[in-house]
Amino acid sequence: MQKIIVTGGVGYIGSHTLVDLIQNGYDVVSIDNLSRSSVKILHGVEKITGRKVKNYEVDLTDKARLSKVFEENQDAKGIIHFAAYKSVSESVEKPLLYYRNNMEGLYNILECIIQYNIPNIVFSSSCSVYGMVEKLPVTEETPFGEAQCAYARSKQHGEQVLTDVTKAHSFKTVLLRYFNPVGAHSSAEIGELPIGTPNNLAPFITQTAIGKREKLTVFGSDYPTRDGSCIRDYIHVSDIAQAHTLAMNYLIAREHFDIPEVFNLGTGNGVSVFEAIKAFEESTGQKLNYEVGSRRSGDVIAVYANNTKAKETLGWKLKYNLHDMMKSAWEWELKQQNS
Ligand code: WQD
């Protein structure tokens, strides 16, 4: 079996990708310092796949320990690099933490890939690289906009570093730009596990509905959109995971190429905050307690994807709709309560 190293494998998208890789015949190992994830997620991956995944509890900024992991796994056919901080709002408050963690981690990973001749890398990027976009939907050719926060800028910089390093070395690179991952695996054995107060909309909705939070605040209803709230492209985390396996298949099958291939991972549907709340209520039968508050700094008004390239080049087929996203997020929240 071909081995794939997954950094951040115990995280939200990382764990769902472990499941998809295993179910598509790959062997996997994870590198995750568990600073923002719980090892119980690996138990969920094992329940779903029957496979016990080895996790190296190593911080990517600890180059010596990281190199040892690569020493033990230099037979890997590729690496999927998720491990990074990803909260828009937190990165506004703590930009230096984001640059230190996200960039130093990437530099160390790249040095190890070169040293141990790992031939393929899939990099976790983000629609936030587009900044405040004028023309929607965004395609992969839409140029970087002014980053609205350190998180977004760390992803822009990550893509630029990867473009230069890929050209100078022999590995191949895919950059995946996620839109808004939501939902949980259909088994409800794995899902999003925010540490402390959730930054993201979906977990805040489900935690409010289950009574962990008193109410949801909608961050602004005075935006120039159809109902005044921000528009995003919410996409099921399992569809995102599928795209990672397809991207790795694509890299392994291709001869060397110098310029990283970029793919948007969104549904192509823009959904407002109020529409997301309505979809949650209709999908779960739960009434949500929310109020409108002030805008959140770092938020872009609207962004959603043109996803044609991933569909045509990777053979990516979306399986889940907004109803599935909200229902699976709720079922995961319910499972937490009973565990
Ligand atoms: C969505 C909308 C908020 C919470 C995410 C990821 C980021 C990147 C891009 C992958 C916004 C509103 C939220 C709340 C609210 N993805 N909201 N009340 O900021 O788009 O970023 O997608 O790389 O990593 O975090 O997602 O879920 O925080 O916000 O009104 O309590 O919901 O204002 O309009 P965001 P989000």
Candidate set: the range 147-170, residues that are small (Gly, Ala, Ser) and free of Cβ contacts under 8 Å to residues at least 24 places away in the same chain; chosen: the one nearest to the ligand (Cβ to nearest atom): Ala147
Output for the range 30-47, where each listed residue is buried (at least 19 other Cβ atoms within 10 Å of the Cβ) and either β-branched (Val, Ile, Thr) or outside any helix (DSSP H, G or I) (or both): Ser30, Ile31, Asp32, Asn33, Arg36, Ser37, Ile41, Val45
Subset of the range 1-21 [in a loop (DSSP other than H, G, I, E, B) and surrounded by fewer than 24 Cβ atoms within 10 Å (Cβ to Cβ)]: Met1, Gln2
Residue check for Leu97: surrounded by fewer than 23 Cβ atoms within 10 Å (Cβ to Cβ) and either assigned to a helix (DSSP H, G or I) or not hydrophobic (A, V, I, L, M, F, W, C) (or both): yes
Test result for Ser124, assigned to a helix (DSSP H, G or I) and touching a helix residue (DSSP H, G or I) at 6+ places or on another chain (Cβ under 8 Å): no
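This table checks each residue for (1) closer than 15 Å to Gly270 by Cα; (2) out of contact with any Ser or Thr (no Cβ under 6 Å at 6 or more places or on another chain); (3) in contact (Cβ under 8 Å) with a residue 60 or more places away in the chain; (4) within 8 Å of the ligand (Cβ to nearest atom).
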position: Thr173; (1), (2), (3), (4): no, no, yes, no
position: Tyr178; (1), (2), (3), (4): yes, no, yes, yes
position: Ala184; (1), (2), (3), (4): no, no, yes, no
position: Ala188; (1), (2), (3), (4): no, yes, yes, no
position: Ile210; (1), (2), (3), (4): no, yes, yes, no
position: Leu216; (1), (2), (3), (4): no, no, yes, yes
position: Asp222; (1), (2), (3), (4): no, yes, yes, no
position: Asp227; (1), (2), (3), (4): yes, no, no, no
position: Arg232; (1), (2), (3), (4): yes, yes, yes, yes
Scope the range 106-136; condition within 15 Å of the ligand (Cβ to nearest atom) and surrounded by 18 or more Cβ atoms within 10 Å (Cβ to Cβ); matching residues: Leu106, Val122, Phe123, Ser124, Ser125, Ser126, Cys127, Ser128, Val129, Tyr130, Gly131
Qualifying residue in the range 246-260 (condition: away from the ligand (no atom under 12 Å from the Cβ) and touching a His at 6+ places or on another chain (Cβ under 6 Å)): no
Search result, residues across the range 286-312 that are over 25 Å from the mean Cα position of the chain (by Cα) and under 23 Å from Asp324 (Cβ atoms): Gln286, Lys287, Leu288, Tyr290
Of all residues making up the range 235-285, the number that are in a helix (DSSP H, G or I) and either among the acidic types (Asp, Glu) or more than 13 Å from the chain's Cα centre (by Cα) (or both): 22
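Do we have Asn289 as surrounded by fewer than 13 Cβ atoms within 10 Å (Cβ to Cβ) and among the polar types (S, T, N, Q) here?
yes
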Cβ-Cβ under 8 Å pairs, at least 6 apart or on other chains, the range 325-339 side in contact (Cβ under 8 Å) with a residue 60 or more places away in the chain, far side of a type in the set (Ser, Thr, Tyr) and buried (at least 23 other Cβ atoms within 10 Å of the Cβ): Met325/Tyr234; Ala329/Thr206; Trp330/Thr206; Trp332/Thr206; Glu333/Thr206
Residues within the range 81-94 that are crowded, with 23+ Cβ neighbours inside 10 Å and either in contact with a Ser or Thr (Cβ under 6 Å, 6 or more places away or on another chain) or polar (S, T, N, Q) (or both), tallied: 4
Positions within the range 284-335 being among the acidic types (Asp, Glu) and more than 16 Å from the ligand (Cβ to nearest atom), in sequence order: Glu312, Asp324, Glu331
Residue list for the range 60-94, restricted to those being within 15 Å of the ligand (Cβ to nearest atom), over 21 Å from His244 (Cβ atoms) and at pLDDT 95 or above: Lys94
Residue match in the range 263-280 (condition: closer than 21 Å to Val174 by Cβ, among the aliphatic types (A, V, I, L, M) and touching a helix residue (DSSP H, G or I) at 6+ places or on another chain (Cβ under 8 Å)): yes
Pairs where the first residue, in the range 74-100, is farther than 16 Å from Gln148 by Cα and the second is part of a loop (DSSP other than H, G, I, E, B), C-beta under 6 Å, 6+ apart: Gln74/Tyr116; Ala76/Ile118; Lys77/Gln2; Ile79/Ile118; Phe82/Gly8; Phe82/Gly11; Ala83/Gly8; Ala83/Leu60
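The values are calculated or read from the model by the stated rules, or taken from the named source; none is laboratory data. Please read all numbers here as calculations on a predicted model, not as lab measurements. Ideal geometry is used to build each Cβ from the backbone, glycine not excepted, and the neighbour counts take in all protein chains shown.
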